[in-house]
Amino acid sequence: MLDVIEKNIKRLNHLIENLLKFEEVRGEDNSGLIENFDPALVIEEVLYSNEPSAKEKGLVVELDLIKGLKVRGIRFEFSQVITNLFVNAIKYTEREKSKSK
């Protein structure tokens, strides 16, 4: 029971942080938020933070990423898109294993 409570607290914390960042992005000049970043690292971060949900459902996700690439953009927005894709993949996947490249 405590594990479930802790997990939900972490999710709520993450959601609040994301909402605050979104307001920052929405309300200001975005030029200061544009940066070069490695998309593989962001994808790994998203996987790590959502891995418990995947494991709960019996899913194993293997990443085959090319590291060291650089993209220019707003890291937070990219992270949000990847998070949404990953969360939806977990939610709607019934198979025991999913592999993304």
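The values are calculated or read from the model by the stated rules, or taken from the named source; none is laboratory data. Being a predicted model, the structure only gives us computed values, none of them experimental. Backbone-built Cβ (ideal geometry, glycine too); neighbour counts: all protein chains shown.
Each residue in region 53-78 was checked for being under 20 Å from Lys7 (Cβ atoms) and modelled with pLDDT of 90 or more, and 0 of them qualify. Out of everything in region 48-94 that is acidic (Asp, Glu) and out of contact with any strand residue (DSSP E or B) (no Cβ under 6 Å at 6 or more places or on another chain), what residue ends up being nearest to Ile34 (Cα to Cα)? Across region 48-94, the extreme among qualifying residues is Glu77.
Of all the listed residues (Asn36, Asn30), the sole one being in contact with a strand residue (DSSP E or B) (Cβ under 9 Å, 6 or more places away or on another chain) and at pLDDT below 75 is Asn30. Among the residues of region 56-71, those identified as within 26 Å of Thr93 (Cα to Cα) and not in a loop (DSSP other than H, G, I, E, B) are Glu56, Val60, Val61, Glu62, Leu63.
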